[in-house]
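Right, one structure below, let's go through it.
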């Protein structure tokens, strides 16, 4: 559990992104910029978009993606009850195979406070 | 494209659900009831929940699930612009492998009108 | 639903396997033989192995693989109640995204009788 | 390899389940109860059901789920030879992408003794 | 098998892309352009890139993506023997769950001639 | 990041393979031999085959498989620019969900030098 702190997550992410920048080609860089753009305020508010990103990450079972969107959800003022409902939908769609990721998601959410 | 009408989709679904009821055990039936329950109005409104169900279905690439949530999104008054943004997020998270499903999703959305 | 008969499934499968034999290299052919071998009677009986193949196919959501193992389960005298329990486990592990495949699985099982 | 002991696995699992209980809504809790129920003795014996859960977890590549079902398989008196055959089926269905999980599965099985 | 001709595949694709253009937002359109760009001649030749796209599509099991990259492989002068080896790698990595897609891939390849 | 060195990766892999040999049945062993065979020089050169294995591993998101093929790519003289293009294709096909694996892939590539 020692590596599960939001701070260490952000630091590792930043460190690794520098290595990506060293090697990635133009297409990868354009994708990264598109990836930021798509969660910006639009017809749907940021909060909804971050919940969409979170649920997509949960059913595809990517811990780092889940942590990233949990941080963004926190910043977008998602409440505990809203998070719990989004997680229920992820669990029903994705099944028990998502449970270990849901456990770690709630642990990270708890640590974000 | 002949089988892609919303009417034929609903009919096939209804017909198959009757076969499910004939064979399924109690656990499967309890899951089906939980699956309905989780999209009901709560801390998150129905519209947001249906968009979450849609994005989860898109990144997991299940055409029937996509069609079902598109119908529900229509009933929940999701606009064209809101749908387009939810689909962009699905595409960025799930990659080009989702494109054939996105093509059929927009075709079904068009037919829903 | 017209293409969902066990007979047409077997015929298409046979027809396509001939095309595979025309193009596939030695590694693919060795894999096919290994794929047959692994479901043979051993420490685990054929019936259990076919149920394992079925559940794996259901959670990975491959309709053709599901149909194949349903036919084999029928030949191995799997009962309706045993099938229903194996399908419940698939549904709980794999989530609602497996439901369209479960619907078609029960339809095919019904047609096998 | 230090975190791979069955004891530390059970402890972490217990610790995280308490955090889940703190945040999860009613639907998630109902799913957890359904998830326990589905592996109970029925038309299929517990041993077969745990092997089904194991193979599903292996082809979906979830290490925590694999470890959980390996413990349950141990309790249900699955033999080394039966486990080896269930793993062969997982490997053939799921391909070489499952190999790292199969390595860790056998390591955990070895530690369970 | 009637819908499996390369011509009908291209026509359906073109028809659906027009519907996508009608509804998609700017991010989706930028993704589509990036998707074309990434297979262009560079440090790796087009032929290798199309084989990479094909193998990715096979292990992710998307029939439409497979057909698209098979057409591109044909245009890039991939030989039967090269295709067979790329398919063997897909089968070994992705497992027997890819077999139905491999059957349809060889059928489409046969029809491309 | 301490466990991410190529040396510790190779050692853990070797250690775990010995446990596999202790428990695995004949089918699993035949699969392992097929898995080695399929990347050997043939109609496609080793370098192309290792890139195919890498892209398949990236879109299926298996860190150990990615590391293995990165080592093989290094041995087969894949250049930085060739790697960057293969990774761009993986990212476009597999979407942002592959990004954490791409970060770790570039980190491992950097460490291989």
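What the table shows:
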quantity: Angle in degrees between helix F:80-94 and the longest Cα principal axis of chain F, rounded to the nearest 10; calculated: 80
quantity: For chain B, built as a Gaussian network whose Cα springs stay under 10 Å, the top-fluctuating residue of B:13, B:30, B:61; calculated: B:30
quantity: With Cα atoms, 0 to 90° folded angle of helix E:63-75 axis to chain E main axis; calculated: 80
quantity: Using a 7 Å Cα-to-Cβ projection, residue B:21 label spacings across copies, nm, ascending; calculated: 3.8, 4.6, 4.6, 5.9, 6.0
quantity: Euclidean distance of C-alpha centroids, segment D:33-68 and segment C:7-56, integer Å; calculated: 24
quantity: Chain C, helix-only ellipticity at 222 nm - DSSP H runs n ≥ 4, -39,500 (n - 2.57), divided by all residues, nearest 500; calculated: -24500 deg cm²/dmol
quantity: Closest Cβ on chain E to the rotation axis that carries it onto B (distance rounded to whole Å); calculated: E:61, 5
quantity: Diffusion constant of chain C at 10 °C, which comes from Stokes-Einstein with the Kirkwood Cα-pair radius and 1.306 mPa s, µm²/s; calculated: 106
quantity: Shortest-first distances to equivalent copies, position residue F:8, nm, label 7 Å out along Cβ; calculated: 1.2, 1.2, 5.6, 5.7, 5.7
quantity: For chain B, built as a Gaussian network whose Cα springs stay under 10 Å, the top-fluctuating residue of B:23, B:68, B:39; calculated: B:23
quantity: 15 Å reach of a label modelled at residue A:46, 7 Å along Cα-to-Cβ, counting backbone N of segment A:63-101; calculated: A:69-79
quantity: 7 Å along Cα→Cβ, label-point gaps from residue A:77 to other copies, nm, shortest first; calculated: 2.2, 6.1, 6.1, 6.3, 6.6
quantity: Cα long-axis angle, helix E:99-112 against chain E (0 to 90 degrees, to the nearest 10); calculated: 80
quantity: Chain B, relative contact order in percent, only Cα pairs under 8 angstrom and at least six apart counted; calculated: 29
quantity: Max mean-square fluctuation residue, GNM over chain F, Cα-Cα springs under 10 Å, options F:43, F:76, F:56; calculated: F:43
quantity: Extension gain from residue D:33 to residue D:81, taking 0.36 nm per residue of separation minus the Cα-Cα distance; calculated: 14.1 nm
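None of the figures in this text is laboratory data; all of them are computed from the coordinates on show. All values reported here derive from a predicted model rather than from experimental measurement. Because the Cβ atoms are built from the backbone with ideal geometry, glycine has one as well, and the counts that use them run over all protein chains shown.
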